[in-house]
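Here, each number is a calculation from the coordinates, and none is a lab measurement. Since we're looking at a predicted model, the values are computed, not measured. For neighbour counting, all protein chains shown are included, and Cβ atoms are generated from backbone atoms with ideal geometry for every residue, glycine included.
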Amino acid sequence: MRHPPRSGRIHLMLASELLQSFWSSNWVEVATPFAVLLLIIFFAVLWYARESRNSVLERVLKQGAFVSPAGFRGSLVVEQTHPGSYLRLCTSTPAARRLHFLYRWIAGWGRQAIFDEVVFDAGRGLVELKIRNRQRTARFSEFMAIRMREVAGGRSGGSVWHIDLISHKGAATPFVTSEWGDRKTMFESTAPVAKAAAEIMAVPVQVRVAGNVWTPGWPPKNPMATS
């Protein structure tokens, strides 16, 4: 086995000693707190930017006029709707059944909606959540909000939107998921369903955008700029 020349070994030894000297020097002790502070500032700014966009989209959703929920396409479709009183979603189309299966068993993003049918009935004050021939019934009073939650769905800036029921304890129950696509288009398609369910239940809508989907100019920074 050949060894490096003596001069090479000397250079390696000097480099090692210099590196050890650098890491044990006062420079590292001085620089480390500043590096930690910069990281804290970076993540604080990122959190603030996301939170401000969440609140803007919540105001847009509350104040804006959207198309009928019937235009929604996702793991369920809107089968029946009466504004302010009744909303029924189910897997009544082949496209919905395929997407329901895809998200639940193959390539879902995040925790998935598992229900085959969901009904919001203001007359009885109940939410019905059905899986095949099993049914869970919950009173509106058990929930504090409806949440639209974005999850990254691809490398091209696309995403999917989950709609969750939020209990008073903060537990989230996803009940439907949008198609994958352009995040703004999917938001505008999914928002009518979230808004319709929230109006029936008389609860607010929360919005949570994803931090790993980057699209210039959207979400807006203020409720007047929706594009």
Cut-off is 10 Å between beta-carbons; in what order do Tyr103, Tyr86 appear when sorted fewest neighbours first? Tyr86, Tyr103
7 Å from Cα along Cα→Cβ at both Asn54 and Arg97: what's the point-to-point distance in nm? 3.8
Those trypsin sites (Lys or Arg not before Pro) from segment 101-139 that are DSSP loop and have at most 14 other Cβ neighbours within 10 Å turn out to be Arg111, Arg124, Arg132
Dividing the Cα convex hull volume of segment 44-208 by residue count, how many Å³ per residue is that? 116
Computed for segment 44-208: size of charge dipole around the Cα centre, +1 on C-beta of each Lys and Arg, -1 on C-beta of each Asp and Glu, debye to nearest 20, value 340
With each pseudo-label sitting 7 Å past Cα toward Cβ, what's the Ile114-Val67 distance in nm, one decimal? 3.3
Please report, in cubic angstrom per residue, the volume enclosed by the convex hull of the alpha-carbon atoms of segment 120-206. 99
Which lysines does Lys221 reach when only Cα atoms under 22 Å apart count, and residues fewer than 8 places away in its own chain are ignored? Lys62, Lys184, Lys195
Would you mind ranking Leu87, Leu102, Leu129 by Cβ crowding within 10 Å, fewest neighbours first? Leu102, Leu129, Leu87
Would you work out which of Ser85, Ala65, Thr190 lies farthest towards the positive end of the dipole of segment 44-208, given +1 charges on the beta-carbon of Lys and Arg and -1 on that of Asp and Glu, about the Cα centre? Thr190
